[in-house]
Amino acid sequence: MTIRYSAPGRVNLIGEHTDYNLGWSLPIALPQRTVVTLDPSDSDALEVRSDGADGVVRIPLTTKPGDVTGWASYVAGVVWALRMAGHSVPGGSISITSEVPIGSGLSSSAALECAALGALTSGLHIDRLDRARLAQRAENEYVGAPTGLLDQLSSLFGAASTALLIDFRTLSVSPVPFDPSASDVVLLLIDSRQRHGHVDSEYAARRLSCERAAADVGVVSLREIQDRGLSALDGVTDPVDARRARHVLTENQRVFDVVAALNDSDFTKVGRIFTASHVSMRDDFGITTAHIDLIADTAVAAGALGARMTGGGFGGCVIALVALDQADAVGAAVRSAVRAAGYDEPVITRTFAADGAMPG
C-alpha cells in the first residue's frame, strides 16, 4: 500500500535564534510543502529518490551517523532516530517532491524530516511533540546541524490563518491569529536567492556565544535572565557575546509585542517591530548580509510597514508586511534595487499561514 505524507516549510515571523536559548518564537507554516511517497516492502533498506537530485540513494535500515551525507541524510537521520527510539521502520522505496526551496531559510530540511516521519510511521500513534523531537534528533545527531526545535514544531503544528507562539522551555505551542488579508495587508516573502546552510560554523558560533554569555552571568540559559533587564548582561566578559545575548533578550520581548499587536490586528505596529528585529539581527547578532539588508531597507523605504530577515541568517529570505495597495510598488522597488546592486533578481511571492504536516 502506497503511503503519502506531506509537511510544510515555515517562516518565522519573529523570534530569531531564541529557540536554543529557551526563549520564544512566532512562526507560521507555509503553503509550500514537501511530499514523501513510500512504497513499503520487506527490504532491509530504503531506496530514495528526489525530484531535486539525480540518482537513487540506498539507506540501510541499520544506518548510523556518517553513513549517508547530502540531502538524503535527512531521511537517513529519521530512519536512525526512529530505530534509536525503539520503532520499527519499513524498507521499500521513497520518492520526494518539494515546493520548499533548499537553502532559502524556509526550513526545507524540517519539511523533509517531518514528511518522512509521517510516511514511515503510518499507523503508529506518536504525538506531534515527540515527532518534533525525533526530527530534531535526526538533524542534530545524524546530519550534524545544531538546530533547535523551531522548524519541526512549525511544520507539525501549523494551521491556517494562525501563528504559533512557541515557548522553548516548556515546549508549549499556543495559537495566535494571523490573517493580515482581513486588514488589507499582505505578507511578502522575498527570496534573495542567496543560499545558506545550517551545517555551518557561523550558526554554531552564535550558539556558543550565547552559552558563554549565560555562563558569565551564572545561568544555564539566557531565558533565566529575561525578566532582569539588559543590565543583567553587565557581567558578560566578551563584548561580542554581550551583543549576541542582547539580541536574544530584546528579540524575546519583540515576540511578546508582536503577539499583543496581532491580537489587536495592529499590523502597523507589527511592521515596526519587524524592522527593529532586523536591526538587532544586523547590529547585535551579526547574521544578515549586505544583500539581505538592501532588500529589507528598500522594502521599508518603498512603503512597507516593516521588513526583516527570517531564518538562520547569512542569506535566505526577507519578509515584509505591506498594505495591499502598496504591494506591487514595494516588490518593484526591491527588484530594481537588487538588480542595480548586481545581485540575482529575488523571487517575491505573497504568502500566508497554512496547515501543518498531514497525510496525503
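Every number here is computed from the coordinates shown, using simple stated rules; none is lab data. Remember, predicted model here, so these are calculated numbers, not experimental data. Heads up, the Cβs are rebuilt from the backbone with ideal geometry, glycines too, and the neighbour counts pull from every protein chain shown.
Taking 8 Å as the Cα distance limit and 6 or more residues as the minimum spacing, I'd like the relative contact order of segment 179-351 as a percentage. Numbers along the way, then the final one.
Values: 274 pairs, mean separation 56.8, N = 173.
Value for segment 179-351: 33 percent.
Rank by packing, highest mean first: peptides 308-315, 119-126, with packing defined as the count of other Cβ atoms within 10 Å averaged across residues.
On the way: 308-315: 25.2, 119-126: 15.4.
Per-residue mean Cβ counts within 10 Å order the peptides as 308-315, 119-126.
Scan around residue 91 for amide H atoms under 5 Å from its own, H built in the peptide plane at 1.01 Å from N, and keep only partners 5 or more places away or cross-chain.
Result for residue 91 returns 41, 43.
To the nearest 500 deg cm²/dmol, what mean residue ellipticity at 222 nm is calculated for the chain from DSSP H runs of n ≥ 4 alone, each contributing -39,500 (n - 2.57), summed and divided by the residues? Kindly include the intermediate steps, with their values, before the conclusion.
Numbers: 9 runs with 124 residues, N = 360.
Per the formula, -11000 deg cm²/dmol.
Return, for the Cα atoms of segment 107-221, the radius of gyration and Dmax in Å, separated by a comma.
When restricted to the Cα atoms of segment 107-221, Rg and Dmax are 16.7, 48 Å.
Taking the Cα centre as origin and putting +1 on Lys and Arg beta-carbons and -1 on Asp and Glu beta-carbons, what dipole magnitude results for segment 18-131, to the nearest 20 debye?
Details: 7 positive and 12 negative charges, 33 e Å.
Dipole size: approximately 160 debye.
Determine the gain in length on full extension of the stretch residue 122-residue 179; use 0.36 nm per residue of separation and subtract their C-alpha separation, reporting nm with one decimal. Walk me through the intermediate numbers first.
Values: separation 57, 0.36 × 57 = 20.52 nm, distance 3.21 nm.
Roughly 17.3 nm would be gained on extension.
Per residue of segment 65-74, what does 6.51 cos²θ - 1.76 cosθ + 1.60 with θ = phi - 60° give for ³J(HN,Hα)? Whole Hz please, x for Gly and Pro, Karplus curve as stated.
Listing the rounded values in order: x, x, 6, 10, 10, x, 4, 6, 5, 5 Hz.
Using only C-alpha positions, report the orientation-averaged shadow area of the convex hull of segment 196-350, nm², one decimal. All intermediate terms of the calculation are to be shown ahead of the outcome.
On the way: hull surface 39.9 nm².
One quarter of the hull surface, i.e. the mean projection, equals 10.0 nm².
What list of ³J(HN,Hα) couplings, whole Hz, do you get for segment 228-241 from phi and the Karplus terms 6.51, -1.76, 1.60, once you set θ to phi - 60° and write x for glycine and proline?
8, x, 5, 5, 4, 8, 4, x, 6, 5, 8, x, 5, 4
Over the chain, what is the mean sequence separation of C-alpha contacts under 8 Å (at least six apart), divided by residue count, expressed as relative contact order in percent? Mind showing how you got there, number by number?
Working: 824 pairs, mean separation 87.4, N = 360.
Over the chain, the number comes to 24 percent.
Rounded to the nearest 20 Debye, what is the dipole magnitude of the chain about its Cα centre when Lys and Arg each give +1 and Asp and Glu each give -1 at the C-beta? Spell out each step's value before the answer.
Working: 30 positive and 42 negative charges, 30 e Å.
Taking the Cα centre of the chain as origin, the dipole is about 140 debye.
Mind checking which of 350, 131, 244 has the largest fluctuation in a GNM of the chain, springs on alpha carbons under 10 Å?
Result for the chain, Cα springs under 10 Å: 350 fluctuates most.
Can you work out the Karplus-derived ³J(HN,Hα) for every residue in segment 89-103? Use 6.51 cos²θ - 1.76 cosθ + 1.60 with θ = phi - 60°, whole Hz, and x for glycine or proline.
10, x, x, x, 10, 10, 10, 10, 10, 8, 9, 8, x, 6, x
Compare the Cα positions of 242, 256, 289 along the charge dipole of segment 179-351 (+1 at Cβ of Lys, Arg; -1 at Cβ of Asp, Glu; about the Cα centre) and return the one farthest towards the positive end.
Positive-most Cα among the choices belongs to 289.
Considering the chain as a Gaussian network with a 10 Å cut-off on Cα pairs, which listed residue, 135, 163, 290, attains the greatest mean-square fluctuation?
Result for the chain, Cα springs under 10 Å: 290 fluctuates most.
For semi-axes √(5λ) of the Cα gyration tensor in Å, which listed value, [x] 33, 21, 19; [y] 33, 29, 15; [z] 33, 24, 19, comes from the coordinates shown?
Correct label is [z].
Roughly how far apart, in whole Å, are the Cα centres of segment 76-135 and segment 214-277?
32 Å
I'd like the orientation of helix 290-301 relative to the chain: the angle between its Cα long axis and the longest Cα principal axis, in ° from 0 to 90, rounded to 10.
Around 60 degrees separate the two axes.
For the charge dipole of segment 179-351, defined by +1 on Lys and Arg C-beta atoms and -1 on Asp and Glu C-beta atoms about the Cα centroid, which residue among 271, 309, 225 has the Cα displaced farthest towards the positive pole?
Checked the options; the winner is 309.
Label-point separation (nm) for residue 169 and residue 230, each offset 7 Å from Cα along Cα-to-Cβ?
Once both label points are built, they end up 2.2 nm from each other.
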